[in-house]
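These notes concern the structure reproduced below.
The values are calculated or read from the model by the stated rules, or taken from the named source; none is laboratory data. Remember, predicted model here, so these are calculated numbers, not experimental data. Please note: Cβ atoms are built from the backbone with ideal geometry, for glycine as well, and neighbour counts cover all protein chains shown. SASA here: full protein model, heavy atoms, side chains in, ligands and nucleic acids out. Shrake-Rupley method; radii C 1.70, N 1.55, O 1.52, S 1.80 Å.
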Amino acid sequence: SQTGYVNSDDWEKIDPQQFLNEISRNTETANTERKARDISPLHVDGWVQVPTFNRDSHTVSWIILDHADNGTRSLNAVALKMGRFGVERVTYIDDAKNATTSAQNLLLVANAHRFQQGSRYEEYALGSDKAAEYGVAGLVAGVMGVKLVQLAAAGGILLALKKFGLLVLFPVIWV
């Protein structure tokens, strides 16, 4: 998305346990809609990989283990690759039995994407390029559909949630 350059200075504001608790609550709340659509309810089991920021590749990634009432156990993996003008999102869903290789697979897919020269994160031109109105912690919180307490007062998370359409991590229709 063309959100602008996302600064990474606020990375330490991410609280993985708070995020997981909110994702779990949001997922349970969304189960009412899943049931209405005859989709098996989902339940969050925990992190396989807590949100991790790779400063070399300018990529944030995480993996959550979940299970459905129908017995399906799965991995929901997300990578956000930041560029000069915005962010590309990669979502990787896999069977839970592949947990040992899921992080590697997610990074392989995420690293297959390369921003073109002139659009890379490190090519950001301070003062002339558009900057996002939130940092990487606000970006991650917005994609996960959780509140970032430290930025909420400044309105940063509200902008992130608006830009991402209040995405909830688990609105997945299982195939």
(request) Starting from the Cα coordinates of region 87-141, work out the convex hull volume and express it per residue in Å³. (result) 105
(request) Could you check how much of the accessible area of region 1-142 is carbon and sulfur, as a whole percent, using a 1.4 Å probe? (result) 47
(message) Can you tell me the length gained on complete extension of the stretch Thr91 to Ala36, counting 0.36 nm per residue apart and subtracting the Cα distance?
(response) 17.3 nm
(request) Whenever you get a sec, line up Ser128, Ser57 from highest to lowest accessible area (probe 1.4 Å, protein heavy atoms). (result) Ser128, Ser57
(message) Let me cross-check Lys81: its accessible surface, 1.4 Å probe, with only protein heavy atoms counted, in Å² to the nearest 10?
(response) 20
(message) If you count only protein heavy atoms and use a 1.4 Å probe, how large is the accessible surface of Glu88, to the nearest 10 Å²?
(response) 80
(request) With unit charges on the beta carbon (Lys/Arg positive, Asp/Glu negative), name the residue among Thr27, Pro51, Ser40 whose Cα is farthest towards the positive pole of the charge dipole of region 1-76. (result) Ser40
(message) Among Leu139, Val60, Leu126, which residue has its Cα furthest toward the positive end of the charge dipole of region 60-141, with +1 on Lys/Arg Cβ and -1 on Asp/Glu Cβ?
(response) Leu126
(message) How much of the pair distance distribution for region 67-113 lies past 18 Å, counting alpha-carbon pairs only, in percent?
(response) 36
(request) Whenever you get a sec, line up Arg73, Arg84, Arg120 from highest to lowest accessible area (probe 1.4 Å, protein heavy atoms). (result) Arg73, Arg120, Arg84
(request) Arrange the residues Thr32, Thr3, Thr100, Thr52 by how much accessible surface each exposes, largest first, with a 1.4 angstrom probe. (result) Thr100, Thr32, Thr52, Thr3
(message) Solvent-accessible area of His58, probe 1.4 Å, all protein chains present, reported in Å² to the nearest ten, please.
(response) 30
